[in-house]
Structure formats: C-alpha cells, structure tokens
Amino acid sequence: MSSLLKAMEANLSESDVRMLKSIYEPRVVGVPGEDSRRSITVMPDGEIRVYGRANIKAVFRENEGDMVYLSSRDCGLSWKPVYAPKGAMGSCVYDEKNKRFLTVKPGTWCLISDIGPDDTSPRRIRISTRGYFDMFQPIRISTGRWLCPAQARTETEEDGKCIMNYNSAVFRSDDDGESWSVTDLKSAPRFETVWPHKSSRWENNGSECTLTELADGRIMLISRTSQDWFYAYYSSDGGETWTDGEPSPFHGTLTTPFLLKLSDGRIIHFWNNSQPLAEVDKESYWPPLGKDCKDAVWEDVFTNRDVNHAAISEDGGKTWIGFRELGLNEIRNASDFRSAGGMVSSADKSVHQFQAVELPFGKVLVSYGQHEISRRLVIFDVNWLYEKSRTETFIDGLKNMTTHVYVKSVSESQVGKGLPGHCAWNRTNGALLVPDPQGNYGEALQITRIDDPRLVSPFQGAVWNFPAMKKGRVDIDVRIEGAGLRLSLTDRWFNAADEYIWYYAQFTTELEKGLCGRGEWVRLSVHFDCEAGKAVAECGGKELFAIKMKDSAPNGISYLHLQTLASAPDPRGAYVRYLHAEEE
C-alpha cells in the first residue's frame with residue numbers, strides 16, 4: 001500500500017470506515033469544479049483535492065475566474081469548497097520519493113514545487129517549444145522514470161480545405177522532472193466515409209491519450225480517434241519507442257479514455273463504450289453547418305456522450321471484465337439539453353472525460369463529465385465490476401435505461417457566438433413507463449412509434465446494460481400489442497433510436513405479434529454463445545428459433561437493445577416489465 005493510501009485511511013473515523021465500506025455500486029458524492037481530466041490531487045496527509053474554477057464568465061478560457069478546489073479528508077465522503085491562493089500552481093502529483101510536487105502544462109512546461117499546489121512561484125522547466133495539449137498528470141513507472149501522455153495538432157491546407165492532423169505524444173523524464181524528452185507517435189488512420197455514413201466525422205486521429213504500465217513492463221497507451229475504436233500503442237523501452245498503433249479492445253468514438261493502475265497491479269479502464277448515430281449529409285443538413293464542420297475540422301453533433309463505462313483487467317490488459325455503465329447522464333432526456341445549465345462552466349454537457357484515484361478498502365473515486373449540470377464525483381467498489389448478472393424491474397423508474405429520442409436542433413458548436421450548446425441536440429422522452437395493461441397496479445415500459453416531424457428519428461427503443469458475458473442468457477417479460485420489437489444483443493451502447501442497429505448488432509432478430517402471442521405477457525429467453533457464434537430464443541420452454549452471430553465480440557455481450565418494428569405510427573406498440581441477464 002502506498003503512503004498516500006495509508007494517509008487517506010488514517011484520516012477516517014470509525015463511522016467513516018463503515019460508511020466507505022458500505023458503498024458498492026457507483027454512488028454520486030459530489031460535483032467537480034471543471035472538466036474531468038487532471039484536477040484530482042492527493043496530498044501527503046491524505047487530503048483529496050479536486051480543483052476547478054469559480055466565477056467564470058466564458059468557456060474555453062483556462063485561466064478564467066478564480067481557482068478553487070473541493071477538499072475531502074474522509075476519502076470523498078464529504079467535501080468543502082476552498083479558494084486557492086491567487087496564482088497557485090493548482091492540481092499536481094505528489095512525488096513520494098522526493099517529497100515534492102509536479103505537473104505539466106500546455107506550452108509546454110513542467111512545474112515543480114517543494115511547497116505543493118498552493119505554491120504561487122513553482123519552478124518552470126521547458127519540456128518543448130512545440131505546443132502540446134490535453135495531457136493527463138504524469139505517472140512514475142517501476143524504473144523510476146516519469147511519463148506523461150499528451151497530444152499535438154498540425155494544421156495544413158489542401159485544395160482549399162483545412163486539414164487537421166492529431167498525434168499522441170509521450171513526455172519522459174529520468175531525473176524527476178528536471179529535464180524531459182518527447183516522443184511523437186504515429187497518427188491513427190483517418191475516418192473513412194462508408195455506408196451508413198453520408199459524410200465525414202471530425203478528425204481526432206490520435207488525441208487525448210492515456211497510458212499505464214503493464215505487468216510485463218510494457219507501457220500501454222490508449223488514444224482517442226474518429227474511428228469506432230480507440231487505438232492502442234505499446235512501448236517495450238519505457239516510452240522511448242512505440243508501435244504504430246492498432247484498434248484496441250475498446251469501442252468508442254471522439255471521447256476521452258483514462259487508465260488507472262491499482263496498488264495490486266490490476267488496471268481499470270474508464271471510457272465511453274458507445275457509438276454515435278451515422279453521420280448525416282453535411283451539405284444538405286438543416287440547420288446549415290459551417291465550413292469547418294463540413295471539412296472535418298470540427299464536429300456536427302455528439303450523440304454518444306450520455307453514458308460511460310468501466311472495465312478491469314487482471315492480466316496486464318490481455319482480457320477485460322465488466323464493461324458496466326458507470327454513469328448515465330442525468331439530463332439525457334432534457335428537451336432543452338443545449339441550453340440547460342447555461343454556457344458558463346463548460347459548454348459540453350456530456351459524461352465523457354475521466355480521472356480516478358484508488359481509495360482504501362477496494363474503493364475507487366472517479367471524476368467524470370464536463371458541464372456542472374452533468375459532471376459528477378462517484379465512488380464505487382471494484383468488486384462491482386465482477387458481477388455475473390443483473391436484473392431490472394423498473395422499481396427505480398428509468399434510472400438504468402436509455403430511452404431518449406433526438407429533436408431536430410442546431411448542430412455544431414455555437415458558443416463562439418454567445419449561444420449555449422456544444423455539438424449537442426435537444427431530446428425528449430421516447431419509450432415511457434405506463435400502467436401495466438394487465439391492470440395489476442404495476443407499470444411497464446411501452447415502446448411505440450410516434451411520427452413527429454420535430455424528431456430526428458421516430459423509432460422508439462430502450463437500451464439496457466449488463467456485465468459483459470461471452471455466454472449467457474437474457475430474459476424479457478414482453479407483451480406485444482402492435483407491430484412488435486427488434487431485439488438486439490451488442491457489445492456497446494447504441495442510441496435507442498439508431499435506425500442501423502440491425503446492421504451493427506452481433507445478434508438481432510424480430511419479435512412479431514404472432515411469435516409470442518398477442519396481447520398477453522410472455523417470458524422470452526435468449527441464450528447466446530459468442531464462441532459458438534449463435535443464440536437460441538425460447539418462450540414457455542419451447543425453442544422458437546436460432547440467431548446467427550453477425551460479428552465478433554471479443555469482450556462478450558453487454559447490452560440489450562429493444563426497438564419498435566413499426567413502419568408507421570403505432571400507438572399500441574409493445575410492453576416490457578422485467579429484464580434479467582445471467583452468465584451461463
């Protein structure tokens with residue numbers, strides 16, 4: 001156990017210990033003061049600080065307002081806001097070996113202090129004259145070397161178009177931050193426009209990367225891309241040279257990953273295991289889009305940032321367990337999503353971006369999200385990632401479900417014009433909880449189709465996460481009154497209204513009204529086996545049909561996606577009132 005973990009535990013009262021040990025599934029304990037990425041600092045006496053800004057008047061200005069931090073001396077169970085000294089160094093890493101603090105800043109600098117984050121005159125050491133951005137805090141690897149991931153951007157002009165290229169980079173220091181070397185990594189491939197996409201994505205072909213040391217001494221770096229996967233890079237010489245990169249085991253598009261190595265060597269990955277809607281035709285889309293968006297220099301809309309995930313590896317990143325939803329955006333159904341909470345604090349109201357620290361007793365503190373209306377501080381127990389089953393009875397309403405549909409909205413970031421909203425569409429409720437048609441005073445989720453010209457898509461649906469399984473069973477209590485449902489099993493989150501779910505899902509089938517009876521409740525069970533490449537659907541103990549697996553799922557299946565089959569307005573639709581997933 002590190003000295004910081006020991007110090008955190010020593011601060012706890014008997015009641016604190018009991019309270020911390022009682023936390024199992026993710027529990028919200030606070031709201032951080034800025035975008036989650038590099039704000040958490042653990043002091044040598046066990047105090048946890050989460051830095052941010054107060055009294056800001058505009059977004060995208062790093063030094064706007066006053067530096068503040070949330071202070072906790074009970075491992076995150078409670079927090080006190082504190083003004084930092086004007087001009088203070090702010091969030092940093094404690095160097096346990098040398099009893100001092102360091103951090104890195106764009107520009108590109110390393111700041112070192114013997115005092116700590118309150119130091120208003122830390123030593124500044126130049127890392128590079130080239131501008132590097134979006135770095136996490138540095139980490140020390142087993143050789144004693146410090147490493148810090150960062151990114152670079154290069155802008156060129158081709159045929160009248162601005163071409164933006166990104167690449168990941170790694171800073172390294174063998175003298176505790178007194179001098180640094182930089183290695184630039186090869187960019188990931190650029191996004192290719194193929195069906196069902198009708199135009200390009202914002203190009204981020206190697207940005208906002210994170211790294212950790214594996215059990216065999218190699219360094220693994222995970223980088224954000226515009227693909228449907230993060231890219232993975234490996235170094236066998238402590239970060240001096242790197243592989244060219246390859247698709248990682250993790251799906252995710254234009255979102256920021258974070259790797260946390262626990263004191264026992266296990267690694268937790270935090271990311272958005274989600275896929276956005278297919279890209280629209282940017283030339284004909286209304287409201288109109290700007291040139292930068294059309295040229296893939298900027299994004300049109302983010303439709304995959306309302307859910308985030310965590311997985312754990314015990315074997316140095318070879319295999320991963322969990323793939324569980326850490327958080328769902330609490331305002332994901334808001335009809336005023338673009339303007340909710342205003343523009344100040346952060347324009348992006350997502351739950352992407354992460355930073356995490358290990359706590360005593362097998363707990364982890366995570367900061368995630370951007371705008372204060374959606375970002376959160378959460379504590380959870382690592383054992384929660386190892387569960388083998390999950391059940392949903394809707395006793396907590398739709399807390400654990402994604403059902404929203406999108407309203408046609410202004411796209412592209414307009415904050416430079418003083419307008420709220422950062423690449424986001426407004427939303428509204430799709431599938432709703434209604435009285436159970438059986439008349440038993442209970443409620444059931446009704447999935448219908450309502451053709452409203454204000455909606456991006458009329459396809460209502462429901463998306464539910466369970467622990468990733470390569471072989472398992474999903475049970476559904478379903479009642480079909482109208483056109484029926486498309487049932488899909490996938491390895492990542494898709495929007496409830498994604499019209500191309502049938503194309504991407506590993507397993508997909510249609511539940512029509514004559515299949516399981518009409519107007520009555522039945523229990524449908526789907527047994528799936530990723531290694532055998534097939535699934536079997538049963539109802540009432542009778543095998544109905546087999547489903548062939550369409551694509552591989554190396555990490556297993558972790559999502560049930562239900563969507564209306566209706567091709568026209570269908571107010572009756574189908575009902576669901578019980579879900580269960582279990583490893584077999």
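Looking at the stretch 147-172, which of its residues are open to solvent by less than 10 Å² (accessible area, probe 1.4 Å), of a type in the set (A, V, I, L, M, F, W, C) and touching a Ser or Thr at 6+ places or on another chain (Cβ under 7 Å)?
In the first step, residues of the stretch 147-172 are kept if they are open to solvent by less than 10 Å² (accessible area, probe 1.4 Å); the result is 147-152, 168-171.
Applying the additional criterion that residues be of a type in the set (A, V, I, L, M, F, W, C) yields 147-148, 150, 152, 169-171.
169, 170, listed by residue number.
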Can you find, within the stretch 435-455, the residue that is nearest to residue 484 (Cα to Cα) among those that are surrounded by fewer than 20 Cβ atoms within 10 Å (Cβ to Cβ) and in contact (Cβ under 8 Å) with a residue 60 or more places away in the chain?
450
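Are any residues in the stretch 497-520 aliphatic (A, V, I, L, M), under 30 Å from residue 272 (Cβ atoms) and not in a helix (DSSP H, G or I), and if so, which ones?
Restricting attention to the stretch 497-520, the residues satisfying the condition of being aliphatic (A, V, I, L, M) are 497, 501, 505, 511, 515.
If we keep only those that are under 30 Å from residue 272 (Cβ atoms) too, we end up with 497, 501, 505, 511.
Across the stretch 497-520, the qualifying residues are 497, 505, 511.
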Could you list, in sequence order, the residues of the stretch 467-481 that are crowded, with 21+ Cβ neighbours inside 10 Å and farther than 25 Å from residue 302 by Cβ?
467, 469, 472, 474, 476, 478, 479, 480
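Give 171, 191 a once-over and let me know the one that is within 30 Å of residue 114 (Cα to Cα) and either in contact with an Asp or Glu (Cβ under 8 Å, 6 or more places away or on another chain) or not basic (Lys, Arg) (or both). Give the derivation first.
On the way: 191 fails: within 30 Å of residue 114 (Cα to Cα).
171 is the lone residue from the list that is within 30 Å of residue 114 (Cα to Cα) and either in contact with an Asp or Glu (Cβ under 8 Å, 6 or more places away or on another chain) or not basic (Lys, Arg) (or both).
Consider the stretch 212-259. How many of its residues are touching a residue at least 12 places away in the same chain (Cβ under 8 Å) and more than 14 Å from the chain's Cα centre (by Cα)?
Taking the stretch 212-259 and keeping what is touching a residue at least 12 places away in the same chain (Cβ under 8 Å), we get 212-236, 238-242, 244-259.
Those still in the list that are more than 14 Å from the chain's Cα centre (by Cα) too: 212-221, 226-227, 231-236, 238-242, 244-249.
Qualifying residue count for the region: 29.
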Give the residues of the stretch 482-501 that are modelled with pLDDT of 95 or more and more than 23 Å from the chain's Cα centre (by Cα), sorted by residue number.
485, 486, 487
Scanning the stretch 386-410 residue by residue, the ones that are closer than 18 Å to residue 467 by Cβ, under 20 Å from the mean Cα position of the chain (by Cα) and of a type in the set (S, T, N, Q) total 2
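May I ask you to list the residues in the stretch 483-496 that are open to solvent by 10 Å² or more (accessible area, probe 1.4 Å) and part of a loop (DSSP other than H, G, I, E, B)? Spell out how you get there, then give the answer.
Initially, the stretch 483-496 is screened for residues open to solvent by 10 Å² or more (accessible area, probe 1.4 Å), giving 483, 486, 491-492.
Scanning the stretch 483-496 gives 483, 491, 492.
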Could you tell me whether residue 203 is open to solvent by less than 30 Å² (accessible area, probe 1.4 Å), of a type outside the set (Gly, Ala, Ser) and either closer than 20 Å to residue 491 by Cβ or in a loop (DSSP other than H, G, I, E, B) (or both)?
yes
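Restricting attention to strands (runs of 3 or more DSSP E) lying wholly within the stretch 529-580, give those where 1 or more residues are of a type in the set (Phe, Trp, Tyr) and open to solvent by less than 10 Å² (accessible area, probe 1.4 Å). Break it down stepwise before answering.
Values: elements: 534-539, 542-548, 557-564.
Here the list reads 557-564.
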Can you tell me which residues in the stretch 412-427 are crowded, with 17+ Cβ neighbours inside 10 Å, under 19 Å from residue 374 (Cβ atoms) and touching a residue at least 24 places away in the same chain (Cβ under 8 Å)?
413, 415, 420, 421, 422, 423, 424, 425, 426, 427
Can you say whether residue 375 is at pLDDT 95 or above, among the charged types (D, E, K, R) and in contact with a Phe, Trp or Tyr (Cβ under 7 Å, 6 or more places away or on another chain), as far as the supplied structure shows?
yes
Answer yes or no: is there a residue in the stretch 177-192 that is surrounded by 14 or more Cβ atoms within 10 Å (Cβ to Cβ), touching a Lys or Arg at 6+ places or on another chain (Cβ under 8 Å), polar (S, T, N, Q) and closer than 21 Å to residue 298 by Cα.
no
Could you list all residues from the stretch 168-189 that are assigned to a loop (DSSP other than H, G, I, E, B) and either more than 30 Å from the chain's Cα centre (by Cα) or in contact (Cβ under 8 Å) with a residue 60 or more places away in the chain (or both)?
174, 175, 176, 177, 178, 179, 180, 185
Checking residue 220 against (1) touching a strand residue (DSSP E or B) at 6+ places or on another chain (Cβ under 7 Å); (2) among the aliphatic types (A, V, I, L, M); (3) open to solvent by 10 Å² or more (accessible area, probe 1.4 Å): exactly one of these is not met. Which one?
(3)
Within the stretch 190-203, take every residue that is among the basic types (Lys, Arg) and under 24 Å from the mean Cα position of the chain (by Cα) and give me the one that is nearest to residue 232 (Cα to Cα).
190
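Scan the stretch 93-100 and tell me whether some residue there is out of contact with any strand residue (DSSP E or B) (no Cβ under 8 Å at 6 or more places or on another chain), within 26 Å of residue 263 (Cβ to Cβ) and either free of Cβ contacts under 8 Å to residues at least 60 places away in the same chain or open to solvent by less than 20 Å² (accessible area, probe 1.4 Å) (or both). Spell out the reasoning first.
As a first pass, look at the stretch 93-100 and keep what is out of contact with any strand residue (DSSP E or B) (no Cβ under 8 Å at 6 or more places or on another chain): 96, 98-99.
If we keep only those that are within 26 Å of residue 263 (Cβ to Cβ) too, we end up with 96, 98-99.
Among the residues that remain, those that are also either free of Cβ contacts under 8 Å to residues at least 60 places away in the same chain or open to solvent by less than 20 Å² (accessible area, probe 1.4 Å) (or both) are: 99.
Yes, the stretch 93-100 contains at least one residue that is out of contact with any strand residue (DSSP E or B) (no Cβ under 8 Å at 6 or more places or on another chain), within 26 Å of residue 263 (Cβ to Cβ) and either free of Cβ contacts under 8 Å to residues at least 60 places away in the same chain or open to solvent by less than 20 Å² (accessible area, probe 1.4 Å) (or both).
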Of a type in the set (Lys, Arg), within 18 Å of residue 273 (Cβ to Cβ) and out of contact with any Pro (no Cβ under 8 Å at 6 or more places or on another chain), is that true of residue 523?
no
Determine, yes or no, whether residue 519 is on the phi > 0 side of the Ramachandran plot and surrounded by 23 or more Cβ atoms within 10 Å (Cβ to Cβ).
no
Residue 406 is checked against (1) among the aromatic types (Phe, Trp, Tyr); (2) open to solvent by less than 50 Å² (accessible area, probe 1.4 Å); (3) not in a strand (DSSP E or B) and fails just one. What number does that condition carry?
(3)
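The values are calculated or read from the model by the stated rules, or taken from the named source; none is laboratory data. Note that the coordinates shown come from a computational prediction; the quantities given were computed from them, not determined experimentally. Ideal geometry is used to build each Cβ from the backbone, glycine not excepted, and the neighbour counts take in all protein chains shown. With ligands, DNA and RNA removed, areas are computed over all heavy atoms of the protein, side chains included. Shrake-Rupley method; radii C 1.70, N 1.55, O 1.52, S 1.80 Å.
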